[in-house]
Structures are given as C-alpha cells and as structure tokens.
Amino acid sequence: DVKVTQSSRYLVKRTGEKVFLECVQDMDHENMFWYRQDPGLGLRLIYFSYDVKMKEKGDIPEGYSVSREKKERFSLILESASTNQTSMYLCASSFGQGGGEQFFGPGTRLTVL
Amino acid sequence: QKEVEQDPGPLSVPEGAIVSLNCTYSNSAFQYFMWYRQYSRKGPELLMYTYSSGNKEDGRFTAQVDKSSKYISLFIRDSQPSDSATYLCAMSVWAGSYQLTFGKGTKLSVIP
C-alpha cells in the first residue's frame, strides 16, 4: 500500500513564526503536491514537484515556499505565518506515469494565533 | 464557469438506501476520473479510478462516466453508516504532467 505520512496531525503556531510541514512517501513516486483545504473552498493546490529539486507554483503559492531535496520528501514552508493560513494542509504523491491518481497523507491541521 | 461542479449537499439517507453522487465538468480534455472518500479530519482516500466512458464496479460502489455529457457519477448500494463521509470527484488531464481538478465534495450522512 502507498503510504504518505505528514510530520504532525495538529499544529498551533503564532503569527510571524516560520512553520515547516514535512511529507514523506514510500512508493518512489515522482510527483508530490501540497494542498490546503478550507470549508466551502475545497482543495486548492499550493505547490507541486515532479522531480527532486524541481518545484512549480499551484493556484495559491503566495506566502508559501517548498523544498524537495530527496525524492521521498517534500516540505512546505510558511515563512511568516499569518492567521489566514489557518487551514488543513494535505500532502499527496503520484507516479509520473498513469492517469495522475494521487495518494494523500492524513493532513495537518494548522492553527495560527 | 467552474471546471468541475459538484453538489455540496449535505445529503442524508437511511441505511440501506442507494446513493447517487454526481459531478459535471466543462473541459472535454479530461481523461481520467476518480472518486475520493474523506472522513472527517482525515486525508482523502482513493475509492474509484476510471478512464473510459461506461461503468466500473467495486463491491457496493459503481463509478459511471459519460464523456459525451461530461458527467460522472458514483453509486453506493446498500449504504452503511460507515459510508458517512465527504465524497470528492477528481479528474485529470495531461499538461506536462497529470494534475487533478477536484470538485468541492458532497457530504453524505447515512442514518442507521
């Protein structure tokens, strides 16, 4: 079974703090994604990566950056957390081939006070 | 017009009912179609994955794709309280790599 793990299930941070969210997948997937999910807005793509050290902006990259130093690990960084970044953050991965089906981690519920 | 439209519900049905969940889409280039199930405070899990028009069955679940009408459905037979979740449709198109476009999800409650 594909396994995608995220470093924390719940996280509480203060405004202005730097926040790191880590994601690890164990299926040798080429592609990795970071989404945020908010009520009424659905899943919104923040960044994705199709190879080590590669990154592409998604629909809402402002206020975020990413790092992919190893194939299995994809990190999301909030340089200076703000209250409007309170959300559920979901990491996903997929094979480079196939139809793009993505496998998700359990999510990190981030609260910024 | 949004690329993928999905009725947000909520949808409430009695145990044992047949459930029909639907999505419409506007981009005829979509090639692969998926349904995800998401329990409260959990990540989405892949439930069904289809490519061509027609039906695909897996136990109590049937996924249906009608590319000519740009319409996909998920049917759940003999629904159970454990089916209570949010169901998200998703579809993909090649644009250098495959990315998914998601519906916003339909919240389903199955009442014992």
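Taken together, the values in this text are just the output of simple stated rules run on the coordinates, not laboratory data. Note that the structure is a prediction, hence the values are computed from the model and not measured. Here the Cβ is made from the backbone with ideal geometry for all residues, glycine too, and neighbour counts use every protein chain on show.
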Based on the Cα gyration tensor of the protein assembly as shown, what are the three equivalent ellipsoid semi-axes, each the root of five times an eigenvalue, rounded to whole Å and given largest first? 30, 21, 15
Can you give me the distance in nm between label points at A:Leu11 and A:Ser82, each placed 7 Å from the Cα along the Cα-to-Cβ direction? 1.8 nm
Output wanted: per-residue J couplings in Hz (rounded whole) for segment B:105-112, from phi through Karplus 6.51 cos²θ - 1.76 cosθ + 1.60, θ = phi - 60°, x for Gly and Pro. x, 10, 8, 10, 10, 10, 8, x
Sort A:45-57, A:4-16 by the packing proxy (mean of other Cβ within 10 Å over each peptide's residues), most packed first. A:45-57, A:4-16
Amide H contacts of B:Ser84 (H built 1.01 Å from N, under 5 Å, at least 5 apart or other chain): B:Val110
I need the fraction of alpha carbon pairs in chain A separated by more than 22 Å, rounded to a whole percent. 25 percent
In the P(r) worked out for chain B, what percent of Cα pairs fall beyond 22 Å? 28 percent
Would you please give the FRET efficiency between A:Lys3 and B:Ser97, computed as 1/(1 + (r/R0)^6) with r the Cβ-Cβ distance and R0 = 22 Å, to the nearest 0.05? 0.50
When Cβ neighbours within 10 Å are restricted to other protein chains, what is their mean count per residue of peptide B:43-50? 5
Using the Karplus curve 6.51 cos²θ - 1.76 cosθ + 1.60 with θ = phi - 60°, work out ³J(HN,Hα) for each residue of segment B:30-41 in order, rounded to whole Hz, and write x for Gly and Pro. 4, 10, 10, 10, 9, 10, 10, 10, 10, 7, 4, 6
Cβ-Cβ cut-off under 13 Å around B:Pro14, Lys and Arg +1, Asp and Glu -1: the net charge is -3
